[in-house]
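See structure below.
The values are calculated or read from the model by the stated rules, or taken from the named source; none is laboratory data. These numbers were taken from a predicted model, which means no experiment stands behind them. All Cβ positions, glycine included, derive from the backbone under ideal geometry; neighbour counts span all protein chains shown.
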Amino acid sequence: MNTKITKNNLGISILEVIVAMMIIALGLVGVLSLVIQNVKAQYINKNVLIASGLAGEGLELVRNVRDLNWLTVGNWKKDIVGDGDYIIDYGGRASINKAVDSLNEAGARLYTDSNGFYTHLSAGNAPTNFYRLITVIDNTDYLDIKCVIRWQEGTQNHDYTVETYLYNWR
């Protein structure tokens with residue numbers, strides 16, 4: 001008896017198609033989650049970079065006041081002496097505001113002006129997510145200067161702090 005078995009190799013089964021689609025879907029889910037994590041990390045890193053620049057700028061503004069004091073009045077601690085919290089902008093000694101004593105106060109909030117520069121002046125300027133407060137501790141021979149930048153992402157507060165010492169080395 002001669003029996004012929006014929007094979008039907010005309011295409012792929014529905015089960016093979018489903019398995020292939022599941023493998024592709026799993027790969028795409030992995031790639032998509034990686035993209036989402038990278039976007040979040042980029043946003044956080046952007047804010048950390050801005051905060052580090054604002055903190056360094058705060059220290060440089062206080063250093064500039066000290067240097068200006070050496071050149072004009074002879075007292076290197078004028079207007080920055082005494083323990084306390086301050087805000088300062090590019091106006092030199094005239095822009096030091098000692099009335100602000102908390103990062104959560106509206107006076108510590110930073111705004112951007114029409115040129116894209118950060119300032120504490122709210123009139124006509126766009127509010128940002130950042131707050132800056134400078135703390136000065138007078139240690140007789142030197143000043144301990146600390147600048148704290150705070151911003152909020154969602155419901156979580158982030159702080160970036162830099163610190164330096166200013167001496168009367170002149």
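The table for this structure:
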{"item": "Residue in the stretch 105-113 that is over 17 Å from residue 54 (Cβ atoms), under 14 Å from the mean Cα position of the chain (by Cα) and at pLDDT 85 or above present", "result": "no"}
{"item": "Index of the failed condition, residue 44 passing every other in (1) part of a helix (DSSP H, G or I); (2) under 28 Å from residue 136 (Cα atoms)", "result": "(2)"}
{"item": "Failed condition for residue 128, given (1) outside any loop (DSSP other than H, G, I, E, B); (2) farther than 17 Å from residue 55 by Cα", "result": "(2)"}
{"item": "Long-range neighbours under 8 Å by Cβ, at least six apart or interchain, first residue more than 17 Å from residue 165 (Cβ to Cβ) within the stretch 74-101, second of a type in the set (Gly, Ala, Ser) and outside any helix (DSSP H, G or I)", "result": "85/102; 98/84; 101/84"}
{"item": "Any hit, the stretch 109-121, residues being surrounded by 14 or more Cβ atoms within 10 Å (Cβ to Cβ), on the phi > 0 side of the Ramachandran plot and small (Gly, Ala, Ser)", "result": "no"}
{"item": "Residue ID - modelled with the lowest pLDDT, chosen from residues in the stretch 1-48 that are within 30 Å of residue 144 (Cβ to Cβ) and either of a type in the set (Val, Ile, Thr) or surrounded by 11 or more Cβ atoms within 10 Å (Cβ to Cβ) (or both)", "result": "44"}
{"item": "Answer from 63, 150 - the residue that is of a type in the set (D, E, K, R), touching a His at 6+ places or on another chain (Cβ under 8 Å) and surrounded by 14 or more Cβ atoms within 10 Å (Cβ to Cβ)", "result": "150"}
{"item": "Pairs, first in contact (Cβ under 8 Å) with a residue 12 or more places away in the chain in the stretch 48-72, second among the charged types (D, E, K, R) and part of a helix (DSSP H, G or I), C-beta under 9 Å, six or more apart", "result": "65/93; 68/93; 69/93"}
